[in-house]
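Following: one structure in structure tokens, then a few remarks.
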Amino acid sequence: MRRCCFIENRDHIILLKIVNYCDRIQQNLERFDTSFQRFTEDFMFQDACCMCVVQIGELAAQLSDEMKAKNNSIPWRIIKDTRNFYVHAYGNIDVETVWNTLNEDIPMLKKQCEDLLLQGK
């Protein structure tokens, strides 16, 4: 029983951190006026956003197997694989694909994680 509660609490903390990194991405986008043109021209903007995606992937990998299995509509494996690609093939990242991830996938992930957090209360 204690292990189950520990896992749930740990998963809760990890989900909170994922939401935090999603928020940081949104703040970066707002800081740069959500401009794809600025994103393509500013390596610091790209690096800041990509580092948040990397952290999200790290955190997703730390979630319990139970959490991931119960919530398999969230593409946990793809999130982890994206992290691995950003880390190991950073020079080969397609800026437009990253941009789409930031603007489409990250807000959806944030909402899904927030929903999980609400269910846990």
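Numbers at a glance
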{"item": "Qualifying position, being at pLDDT 95 or above and surrounded by fewer than 13 Cβ atoms within 10 Å (Cβ to Cβ), among Glu104, Glu114", "result": "Glu104"}
{"item": "Some residue of segment 37-55 being within 16 Å of Lys110 (Cα to Cα) and basic (Lys, Arg)", "result": "no"}
{"item": "Some residue of segment 82-101 being within 15 Å of Asp11 (Cβ to Cβ) and without any contact (Cβ under 8 Å) to a residue 60 or more places away in the chain", "result": "no"}
{"item": "In segment 15-32, the residues that are within 18 Å of Ile93 (Cβ to Cβ) and either in contact with a Lys or Arg (Cβ under 8 Å, 6 or more places away or on another chain) or not in a helix (DSSP H, G or I) (or both)", "result": "Phe32"}
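The values are calculated or read from the model by the stated rules, or taken from the named source; none is laboratory data. Computed from a predicted model, the values in this text were never measured in an experiment. All Cβ positions, glycine included, derive from the backbone under ideal geometry; neighbour counts span all protein chains shown.
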